[in-house]
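First the structure, in the form of C-alpha coordinates, and then the observations on it.
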Amino acid sequence: MNDPAAAPGDLAFVEALVNTLDIEEGTDALDTAEGREPFGLAERDVPAARELREALRGALLAHAGHREADGDRLGPLLAGAPLVVVVDPADGSASLRPADPASLTGRVAAAIASCGESWTRLKACEAADCRWAYYDRSPAGRRRWCSMAVCGSRAKMRAYRDRRGAAS
(Lines give C-alpha, C1' and ligand atoms only; values in the text may rest on other atoms or scores of the structure.)
Protein backbone atom coordinates (compact mmCIF):
# COMPACT_ATOMS: atom_id res chain seq x y z
CA MET A 1 0.00 0.00 0.00
CA ASN A 2 2.16 2.85 -1.17
CA ASP A 3 1.39 6.53 -0.96
CA PRO A 4 3.44 8.33 -3.59
CA ALA A 5 4.12 11.28 -1.28
CA ALA A 6 6.73 10.20 1.26
CA ALA A 7 6.95 11.88 4.63
CA PRO A 8 8.85 15.18 4.63
CA GLY A 9 12.46 15.58 5.67
CA ASP A 10 13.95 13.15 8.15
CA LEU A 11 10.58 11.50 8.76
CA ALA A 12 10.98 9.77 5.39
CA PHE A 13 13.75 7.68 6.99
CA VAL A 14 11.42 6.63 9.83
CA GLU A 15 8.60 5.89 7.38
CA ALA A 16 10.94 3.77 5.24
CA LEU A 17 12.08 1.77 8.27
CA VAL A 18 8.52 0.99 9.36
CA ASN A 19 7.63 0.01 5.81
CA THR A 20 10.37 -2.61 5.60
CA LEU A 21 7.71 -5.10 6.71
CA ASP A 22 4.92 -5.82 4.24
CA ILE A 23 2.31 -7.52 6.42
CA GLU A 24 -0.01 -8.34 3.53
CA GLU A 25 2.72 -10.02 1.48
CA GLY A 26 4.51 -11.47 4.52
CA THR A 27 7.89 -10.10 3.42
CA ASP A 28 10.51 -8.30 5.46
CA ALA A 29 13.12 -6.25 3.61
CA LEU A 30 15.42 -6.59 6.62
CA ASP A 31 15.83 -10.25 5.66
CA THR A 32 18.00 -9.23 2.71
CA ALA A 33 21.30 -7.38 2.45
CA GLU A 34 19.68 -5.02 -0.08
CA GLY A 35 16.86 -4.24 2.33
CA ARG A 36 19.26 -3.58 5.21
CA GLU A 37 21.63 -1.40 3.17
CA PRO A 38 19.62 1.89 3.30
CA PHE A 39 19.70 1.67 7.09
CA GLY A 40 23.35 0.67 7.37
CA LEU A 41 22.45 -2.57 9.13
CA ALA A 42 24.42 -5.77 9.40
CA GLU A 43 22.59 -9.06 9.79
CA ARG A 44 23.41 -9.08 13.52
CA ASP A 45 21.57 -5.73 13.89
CA VAL A 46 18.25 -7.07 12.56
CA PRO A 47 16.62 -8.19 15.85
CA ALA A 48 17.15 -4.76 17.43
CA ALA A 49 16.01 -3.04 14.21
CA ARG A 50 12.82 -5.11 14.21
CA GLU A 51 12.15 -4.24 17.83
CA LEU A 52 12.60 -0.53 17.02
CA ARG A 53 10.44 -0.84 13.90
CA GLU A 54 7.55 -2.42 15.81
CA ALA A 55 7.83 0.14 18.62
CA LEU A 56 7.63 2.85 15.95
CA ARG A 57 4.60 1.13 14.42
CA GLY A 58 2.93 1.17 17.86
CA ALA A 59 3.52 4.92 18.13
CA LEU A 60 2.21 5.48 14.59
CA LEU A 61 -0.91 3.49 15.40
CA ALA A 62 -1.37 5.70 18.46
CA HIS A 63 -0.99 8.80 16.22
CA ALA A 64 -3.87 7.45 14.15
CA GLY A 65 -6.02 6.93 17.25
CA HIS A 66 -6.00 3.13 17.33
CA ARG A 67 -7.15 1.84 20.68
CA GLU A 68 -5.01 -1.30 20.48
CA ALA A 69 -1.85 0.75 19.83
CA ASP A 70 1.13 0.15 22.07
CA GLY A 71 2.88 3.51 21.97
CA ASP A 72 4.70 2.97 25.27
CA ARG A 73 7.52 0.82 23.84
CA LEU A 74 9.22 3.55 21.83
CA GLY A 75 10.25 5.97 24.59
CA PRO A 76 12.51 3.55 26.47
CA LEU A 77 14.23 2.50 23.22
CA LEU A 78 14.92 6.09 22.18
CA ALA A 79 16.12 7.02 25.69
CA GLY A 80 19.22 4.95 25.05
CA ALA A 81 20.17 6.98 21.97
CA PRO A 82 22.31 9.98 22.94
CA LEU A 83 21.97 13.01 20.71
CA VAL A 84 24.31 15.97 20.33
CA VAL A 85 23.60 19.55 19.28
CA VAL A 86 25.45 20.52 16.12
CA VAL A 87 25.78 24.21 15.20
CA ASP A 88 26.22 25.07 11.53
CA PRO A 89 29.13 27.54 11.28
CA ALA A 90 27.70 29.09 8.09
CA ASP A 91 24.41 30.31 9.54
CA GLY A 92 24.51 29.44 13.25
CA SER A 93 21.51 27.11 13.02
CA ALA A 94 21.40 24.22 15.45
CA SER A 95 20.25 20.66 14.94
CA LEU A 96 20.26 17.39 16.82
CA ARG A 97 22.36 14.53 15.50
CA PRO A 98 23.04 11.06 16.89
CA ALA A 99 26.17 10.87 19.02
CA ASP A 100 26.95 7.66 17.11
CA PRO A 101 26.06 8.22 13.42
CA ALA A 102 26.01 4.45 12.83
CA SER A 103 23.29 3.91 15.45
CA LEU A 104 19.89 3.21 13.88
CA THR A 105 18.16 4.17 17.13
CA GLY A 106 20.15 7.40 17.25
CA ARG A 107 19.24 8.28 13.67
CA VAL A 108 15.56 7.59 14.37
CA ALA A 109 15.67 9.66 17.59
CA ALA A 110 17.30 12.58 15.76
CA ALA A 111 14.75 12.37 12.94
CA ILE A 112 11.85 12.45 15.39
CA ALA A 113 13.40 15.28 17.43
CA SER A 114 14.03 17.40 14.34
CA CYS A 115 10.54 17.23 12.87
CA GLY A 116 8.53 18.95 15.60
CA GLU A 117 4.78 18.54 15.49
CA SER A 118 4.81 16.87 12.07
CA TRP A 119 5.85 13.66 13.91
CA THR A 120 2.20 13.09 14.86
CA ARG A 121 1.23 13.23 11.16
CA LEU A 122 3.22 10.05 10.54
CA LYS A 123 0.67 7.27 11.08
CA ALA A 124 0.06 3.58 10.49
CA CYS A 125 -2.78 2.33 8.31
CA GLU A 126 -5.91 1.24 10.16
CA ALA A 127 -6.17 -1.99 8.14
CA ALA A 128 -4.93 -4.89 10.28
CA ASP A 129 -3.57 -6.67 7.23
CA CYS A 130 -1.57 -3.59 6.18
CA ARG A 131 -0.30 -1.26 8.96
CA TRP A 132 1.81 0.58 6.35
CA ALA A 133 3.29 3.87 7.55
CA TYR A 134 2.13 6.99 5.73
CA TYR A 135 2.30 10.73 6.21
CA ASP A 136 -1.13 12.27 6.75
CA ARG A 137 -1.33 15.36 4.55
CA SER A 138 -5.09 15.78 4.95
CA PRO A 139 -6.13 19.25 6.17
CA ALA A 140 -7.76 17.93 9.34
CA GLY A 141 -5.12 15.27 10.00
CA ARG A 142 -7.74 12.52 10.28
CA ARG A 143 -6.74 10.15 7.51
CA ARG A 144 -7.19 6.48 8.48
CA TRP A 145 -5.70 4.44 5.65
CA CYS A 146 -2.48 4.46 3.69
CA SER A 147 -4.56 4.38 0.51
CA MET A 148 -8.23 5.15 0.16
CA ALA A 149 -8.23 3.26 -3.14
CA VAL A 150 -7.06 0.01 -1.53
CA CYS A 151 -7.31 -0.22 2.26
CA GLY A 152 -10.05 2.38 2.60
CA SER A 153 -12.18 0.74 -0.08
CA ARG A 154 -11.75 -2.68 1.50
CA ALA A 155 -12.77 -1.36 4.93
CA LYS A 156 -15.80 0.46 3.56
CA MET A 157 -16.88 -2.64 1.61
CA ARG A 158 -16.55 -4.82 4.75
CA ALA A 159 -18.60 -2.31 6.75
CA TYR A 160 -21.24 -2.26 4.00
CA ARG A 161 -21.43 -6.07 3.95
CA ASP A 162 -21.65 -6.16 7.74
CA ARG A 163 -24.54 -3.68 7.72
CA ARG A 164 -26.36 -5.60 4.99
CA GLY A 165 -25.85 -8.87 6.88
CA ALA A 166 -27.15 -7.33 10.12
CA ALA A 167 -30.24 -5.97 8.33
CA SER A 168 -31.25 -9.45 7.10
Check: How many residues, within segment 17-47, are open to solvent by 30 Å² or more (accessible area, probe 1.4 Å), closer than 13 Å to Arg107 by Cα and touching a residue at least 60 places away in the same chain (Cβ under 8 Å)?
Finding: 1
Check: Can you pull out the residues in segment 99-137 that are among the β-branched types (Val, Ile, Thr) and open to solvent by 50 Å² or more (accessible area, probe 1.4 Å)?
Finding: Thr120
Margin query: Among (1) closer than 21 Å to Pro101 by Cβ; (2) open to solvent by 70 Å² or more (accessible area, probe 1.4 Å); (3) without any contact (Cβ under 8 Å) to a residue 12 or more places away in the chain, there is one condition Asp88 misses while meeting the rest; what is its number?
Written below: (2)
Next item on the list: Quick one: which residue in Ala29, Ala59 is of a type in the set (A, V, I, L, M, F, W, C), on the phi < 0 side of the Ramachandran plot and within 12 Å of the chain's Cα centre (by Cα)?
Entry: Ala59
Margin query: Between Ala69, Ala55, which is among the small types (Gly, Ala, Ser) and at pLDDT below 90?
Written below: Ala69
Note to self: Name the residue that is least open to solvent (accessible area, probe 1.4 Å), counting only residues in segment 1-16 that are acidic (Asp, Glu) and not in a helix (DSSP H, G or I).
What the structure shows: Asp3
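The values are calculated or read from the model by the stated rules, or taken from the named source; none is laboratory data. As the structure is a prediction and not an experimental result, all values here were calculated from the model. Please note: Cβ atoms are built from the backbone with ideal geometry, for glycine as well, and neighbour counts cover all protein chains shown. These accessible areas exclude ligands, DNA and RNA; they are computed on the full protein's heavy atoms, side chains included. Shrake-Rupley method; radii C 1.70, N 1.55, O 1.52, S 1.80 Å.
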